[in-house]
Amino acid sequence: MRSSLTMVGTLWAFLSLVTAVASSTSYFLPYWLFGSQLGKPVSFSTFRRCNYPVRGEGHNLIMVEECGRYASFNAIPSLAWQMCTVVTGAGCALLLLVALAAVLGCCMEELISRMMGRCMGAAQFVGGLLISSGCALYPLGWNSPEIMQTCGNVSNQFQLGTCRLGWAYYCAGGGAAAAMLICTWLSCFAGRNPKPVMLVESIMRNTNSYALELDRCLKP
């Protein structure tokens, strides 16, 4: 079974899969921001949180040590984080679709032409740009009351206070940068065929061959 990708294209498919998985996994993990509240470690992503306070007996605050997403989209602490959730999610979905098509191109002949590879590279650039935009929006939500309670009540936009950025934030941003810079460039040399019209010609040739065989079978 021949591949529709060149050697460079195979490398492109592998890196596309790695960057898509890295960015998407980081998007779902609540380890973008680390802080502490009531003596317990707390971590956030854009729409998930680990460890949160609830009212116990006697109206005292106690920490529930578990991870989960916010009950609704409107419950996300700030508008910036809501925008970040949508933008980053769209970018991850786009990278995953391109990565899936690139992997299929490794085992399907004439699936990805030179022009198709460049179009997919453009889609990767857009996906990486969306994720990067989400990472840029994320610090705008550090002035929300929920984040300030976790960061020593001294955090503000682009000021972490006592909190620190987590590894998932850097992983998402690194995956987006690799998709925009490396994968987009490699996609220009990924396709084996120089023109997409060759795929159409191949389909027509196979269709004509099938028609001839069918005509022979129907003749007495």
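Entry note: the chain has Rg to Rh equal to 1.22, where both radii use alpha-carbon atoms and Rh is the Kirkwood radius.
Three semi-axes describe the equivalent ellipsoid of the range 1-103; taken as square roots of 5 times the Cα gyration tensor eigenvalues and ordered largest first, they are 40, 14, 9 Å.
Against the globular-protein guess of 2.2 N^0.38 Å, express the Cα radius of gyration of the range 66-121 as a ratio, rounded to two decimals.
Dividing the Cα Rg of the range 66-121 by 2.2 N^0.38 Å gives 1.71.
Across Arg55, Arg164, Arg114, mean-square fluctuation computed from a Gaussian network of the chain (C-alpha pairs under 10 Å connected) peaks at Arg55.
Couplings 3J(HN,Hα) for the range 81-93, derived from phi with the Karplus relation 6.51 cos²θ - 1.76 cosθ + 1.60 (θ = phi - 60°), are 6, 5, 5, 4, 4, 5, 5, 5, x, 5, x, 5, 4 Hz, where x marks Gly and Pro.
Highest mobility in the GNM of the chain, judged by mean-square fluctuation with C-alpha springs under 10 Å and restricted to Gln157, Gln82, Gln124, is found for Gln157.
In the complete set of protein chains, residue-level accessible area for Cys119 is approximately 80 Å², probe 1.4 angstrom. In order along the range 32-46, the Karplus-derived 3J(HN,Hα) couplings, from 6.51 cos²θ - 1.76 cosθ + 1.60 at θ = phi - 60°, round to 7, 9, 10, x, 8, 8, 6, x, 10, x, 10, 9, 10, 10, 7 Hz, and Gly and Pro are given as x.
The values are calculated or read from the model by the stated rules, or taken from the named source; none is laboratory data. What you see is a predicted model; the values in this text were computed from it and never measured. All accessible areas refer to the heavy atoms of the entire protein, side chains included, with ligands and DNA or RNA removed. Shrake-Rupley method; radii C 1.70, N 1.55, O 1.52, S 1.80 Å.
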